[in-house]
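Quick notes on the structure that follows.
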Amino acid sequence: MTKKHTIATPTSEMVTVLLQAEPEALEIDLIRTAVIVVDMQNAFVSKGGMFDLWGFDVSSNQKMIEPIKRLNSAARGRGCKIIYVAHRYSPDFREAGNPLSANRYKSRSIKDYIEYPEWRDKFIVRETWGADIVEELAPQGHDILIEKTRYSAFFNTNLDTILRTYDLKYLIFVGVATNMCVEASMRDAYNLEYFPILVSDATMNSGPPFMQEATLFNVKTNFGWVTTTENVIKLMPV
């Protein structure tokens, strides 16, 4: 008996809605929409994780869990793809670059992982607690997980291939940090001809508050759209 294989193929169906956003409302097709959840990992979000050990206040990052959870639930109910992006390295840091690379020079996580062995499961090394997505947002069912080793979710990953496989075009970005990995990923998305949409109350910056405002300004002015959790959810009735 010949087995029948099912593969992902673009669909001709359309569910077109008008998303209220800045600098103007944007018409999107929900069938071609994905939620991109950036770096919501214990290392960056949880008490006892890498950021917390460094003395950063992670309470603001923790406040992003609930809006992202609500948005993910609504998006799953509407059949949208949920794609998690996790910043992770192998234990030997084979993806970090050679000793003269800028990444090794700038990355505190690599230096401290080596210097403080007692903290090693709190950082972003694969198969450790720190590298895991926070429990409240654990990937489900048909969600997709992408691992990255630089700020952008597109650099040396298969994210672009996956998006094109599913014929996705509108990318709703949530997570941390707004001015670092989220913005880097959105810039690349724009350059690759996607429509990047930033959810302002489901992303949090690293550093002073003006960094959040700077990214919102950059996105609205140059390479995307800014909206809110409520604006997205009300377009996705279950």
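The values are calculated or read from the model by the stated rules, or taken from the named source; none is laboratory data. Everything numeric here is computed off the predicted structure, so don't read it as measured data. Backbone-built Cβ (ideal geometry, glycine too); neighbour counts: all protein chains shown.
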Residue under question is residue 105, and the condition is that it be of a type outside the set (Gly, Ala, Ser) and surrounded by 12 or more Cβ atoms within 10 Å (Cβ to Cβ); does it hold? no
Could you tell me whether residue 201 is at positive phi and surrounded by fewer than 19 Cβ atoms within 10 Å (Cβ to Cβ)? no
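Report the residue count in segment 67-79 for those that are of a type outside the set (Gly, Ala, Ser) and over 15 Å from the mean Cα position of the chain (by Cα).
Taking segment 67-79 as the starting set, the residues that turn out to be of a type outside the set (Gly, Ala, Ser) are 67-72, 76, 78.
Among the residues that remain, those that are also over 15 Å from the mean Cα position of the chain (by Cα) are: 70, 76, 78.
Residues in segment 67-79 being of a type outside the set (Gly, Ala, Ser) and over 15 Å from the mean Cα position of the chain (by Cα): 3 in total.
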Boolean, residue 163 is in a strand (DSSP E or B) and either surrounded by 22 or more Cβ atoms within 10 Å (Cβ to Cβ) or in contact (Cβ under 8 Å) with a residue 40 or more places away in the chain (or both): no
Scan of segment 177-210 for residues that are of a type in the set (A, V, I, L, M, F, W, C) and either under 18 Å from residue 34 (Cβ atoms) or modelled with pLDDT under 95 (or both), ordered by number: 181, 182, 184, 186, 189, 192, 195, 197, 198, 199, 202
Given the structure, is residue 98 in a helix (DSSP H, G or I), of a type outside the set (Val, Ile, Thr) and out of contact with any Leu (no Cβ under 6 Å at 6 or more places or on another chain)? no
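What's the total number of residues in segment 37-57 that are surrounded by fewer than 22 Cβ atoms within 10 Å (Cβ to Cβ) and either aromatic (Phe, Trp, Tyr) or in contact with a Lys or Arg (Cβ under 7 Å, 6 or more places away or on another chain) (or both)?
4
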Do we have any residue at all in segment 107-126 that's in a helix (DSSP H, G or I) and within 26 Å of residue 21 (Cβ to Cβ)? no
Residue by residue through segment 5-43, note down the ones that are modelled with pLDDT under 95 and hydroxyl-bearing (Ser, Thr, Tyr). 6, 9, 11, 12, 16
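Under the condition of being in a strand (DSSP E or B) and aliphatic (A, V, I, L, M), which residue from segment 12-36 is surrounded by the fewest Cβ atoms within 10 Å (Cβ to Cβ)? Step through it out loud before you land on a result.
We begin by selecting, within segment 12-36, every residue in a strand (DSSP E or B); these are 16-19, 22, 26-29, 33-36.
In the following step, the residues that additionally are aliphatic (A, V, I, L, M) were identified as 17-19, 26, 28, 34-36.
Values: 17: 15, 18: 10, 19: 20, 26: 17, 28: 23, 34: 22, 35: 26, 36: 27.
If we take residues in segment 12-36 being in a strand (DSSP E or B) and aliphatic (A, V, I, L, M), then 18 is surrounded by the fewest Cβ atoms within 10 Å (Cβ to Cβ).
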Residue check for residue 147: within 30 Å of residue 233 (Cα to Cα), assigned to a helix (DSSP H, G or I), in contact with a Lys or Arg (Cβ under 8 Å, 6 or more places away or on another chain) and not small (Gly, Ala, Ser): no
Inside segment 194-227, the number of residues satisfying the requirement of being under 25 Å from residue 154 (Cβ atoms) and part of a loop (DSSP other than H, G, I, E, B) is 5
